[in-house]
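Notes for the one structure printed next.
The values are calculated or read from the model by the stated rules, or taken from the named source; none is laboratory data. In this text, all values refer to a predicted model and were calculated from it rather than measured experimentally. A quick note on method: Cβ atoms are made from the backbone with ideal geometry, for glycine too, and the neighbour counts reach across all protein chains shown. For accessibility, only protein heavy atoms count, side chains too; no ligands or nucleic acids. Shrake-Rupley method; radii C 1.70, N 1.55, O 1.52, S 1.80 Å.
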Amino acid sequence: MNVALAPYTLELELERELRYRNIAFEQRDRLFFFDADYRPLFAQVIWINCQRLTITSINDGVKQLRALGKNWSLFSIEHHRRAQLIQEGLPKIPDAPMPFLAASPKHAMGGWTLYDSNTIICSPETTSRYPLGKVEFIENKTTPPSRAYLKLWEFFTLYSELPAKGSHVLDMGACPGGWSWVLASLGLRVTAVDKAPLDNTIARMSNITFLQESAFALDPARVGKVDSFFSDIICYPERLLTLVKTWMAQGQVKNFVCTIKFQGEADFAVIDAFLAIPGSQMVHLYHNKHEVTWWVTQPCD
Ligand SMILES: C[S@@+](CC[C@H](N)C(=O)[O-])C[C@H]1O[C@@H](n2cnc3c(N)ncnc32)[C@H](O)[C@@H]1O
């Protein structure tokens, strides 16, 4: 059995995703229990191949979990006090916010819940080394003009190499400038594109060129060779897919990193159309809202 924790407020999307994939599940609070060998997209963390432990006391719960692994994070669905007392008997887990580009924690992070007063469901093997998949950064509350920068921080810290210093990147839908700030601070040459103006501080950064126009009207021939195409444009997913395919067909871009935003319910047919692009990867980042992050990257030369 696997257990997926739905991202905060996105329980309905996880439910819809499992139904779309014809996977039977049981939902308890934000936890979804299912038997299929499937990694849901709308999951903050997935506990893999879970075990069911029958416990006779709090101490017995602590003992059995300790025998299976070192680090454990609890998602409590009921018997909260009893669950908390078991958690307090386990090694304290590191939960301090981390800097941008911090190394991944050395040890695996297990996940567990008290399913009923005498039953623990748990796995030492999960999809995240962070407690319950929460990727918390020491935030920069002064310079970036939006919190959107946290998505790129998470992407580069967990999922991708950085583009080589000095390389040319596109930031489509750049306003007010959180992503452009991250990219320019990494020493990249940024062409930022948006119909709305960039925040003044960001627009003044020497390695940012701003084009105030629609990303959909921009002719790829005008910008030349691009290492990475970043997009956080608010638009229908189908429109973004067409834009990406147009730029791919030009063959001038190596990597793509895009937020696919959903105005109503997530559209799994479009998600599958993006995933059908060779080399695709997709996650719901901890810092994504009602959206997912899709990318195709090639290793640095
Ligand atoms: C979520 S915001 C981007 C936030 C940005 N990544 C940041 O870090 O500050 C989405 C942006 O998409 C832009 N947008 C919407 N339609 C667009 C279009 N046709 N061309 C360019 N930008 C567009 C909006 O103006 C808005 O600034």
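At 0.36 nm per residue, minus the direct Cα-Cα distance, what do residue 103 and residue 20 gain on full extension? Give it in nm, one decimal, please.
Details: separation 83, 0.36 × 83 = 29.88 nm, distance 3.57 nm.
Between residue 103 and residue 20, full extension yields 26.3 nm more.
Along Cα→Cβ, 7 Å out, is where each label goes; now give me the distance between the ones at residue 245 and residue 270 in nm to one decimal.
So the label points at residue 245 and residue 270 sit 1.4 nm apart.
Please compute the per residue accessible area over the stretch 2-133 with all protein chains in place, 1.4 Å probe, rounded to a whole number of Å². Numbers along the way, then the final one.
Details: 6570 Å² over 132 residues.
Roughly 50 Å² per residue, with all protein chains present.
Would you mind working out the magnitude of the charge dipole of the stretch 1-87 relative to its Cα centre, with +1 at each Lys and Arg C-beta and -1 at each Asp and Glu C-beta, to the nearest 20 Debye? Kindly include the intermediate steps, with their values, before the conclusion.
On the way: 12 positive and 10 negative charges, 72 e Å.
I would put it at about 340 debye.
Give the carbon-plus-sulfur fraction of the accessible surface of the chain in %, rounded to a whole number; probe 1.4 Å, heavy atoms of protein chains only. Walk me through the numbers on the way to the answer.
Details: 7200 of 14110 Å².
Taking all protein chains in place, the chain shows 51 percent carbon and sulfur surface.
Can you tell me the relative contact order of the chain? Whole percent, Cα pairs under 8 Å, sequence separation 6 or more.
On the way: 569 pairs, mean separation 42.1, N = 301.
Dividing the mean separation by the residue count of the chain yields 14 percent.
Report the gain in length on full extension from residue 84 to residue 165: 0.36 nm times residue separation, minus Cα-Cα distance, nm rounded to one decimal. Walk me through the intermediate numbers first.
Working: separation 81, 0.36 × 81 = 29.16 nm, distance 4.66 nm.
Going from the current span to full extension adds 24.5 nm.
Can you tell me how the stretch 149-296 classifies by the Cα gyration tensor, rounded, prolate or oblate, using a/c under 1.5 as the rounded cut?
On the way: a/c = 1.41, a/b = 1.33, b/c = 1.06.
Here the stretch 149-296 falls in the rounded category.
Using each residue's phi in the stretch 279-285, evaluate 6.51 cos²θ - 1.76 cosθ + 1.60 at θ = phi - 60° and report the 3J(HN,Hα) Karplus result to the nearest Hz, with x for Gly and Pro.
Going residue by residue, I get x, 5, 9, 8, 9, 9, 5 Hz, with x marking Gly and Pro.
Take each of the peptides 175-185, 285-295, 215-225, average the number of other beta-carbon atoms within 10 Å over its residues, and list them starting from the highest. Don't jump to the answer; show the numbers that get you there.
Values: 175-185: 25.5, 285-295: 19.8, 215-225: 12.9.
Final packing ranking: 175-185, 285-295, 215-225.
Which ³J(HN,Hα) values, rounded to whole Hz and listed in residue order, are derived for the stretch 176-182 from phi using the Karplus coefficients 6.51, -1.76 and 1.60 in 6.51 cos²θ - 1.76 cosθ + 1.60 with θ = phi - 60°, glycine and proline given as x?
For the stretch 176-182, the Karplus-derived couplings read x, x, x, 5, 4, 4, 4 Hz, x marking Gly and Pro.
Starting at the first residue of the stretch 10-15, write each ³J(HN,Hα) from the Karplus equation 6.51 cos²θ - 1.76 cosθ + 1.60 with θ = phi - 60°, in whole Hz, x for Gly and Pro.
My calculation for the stretch 10-15 gives 10, 4, 5, 5, 5, 4 Hz in order.
What is the stretch 2-133's relative contact order, in percent, from Cα pairs under 8 angstrom and six or more apart in sequence?
Averaging sequence separation for qualifying contacts and normalising by length gives 28 percent for the stretch 2-133.
Compare 92, 261, 151 in a GNM of the chain, Cα atoms joined below 10 Å, and give the one with the largest fluctuation.
Answer for the Gaussian network model of the chain: 92.
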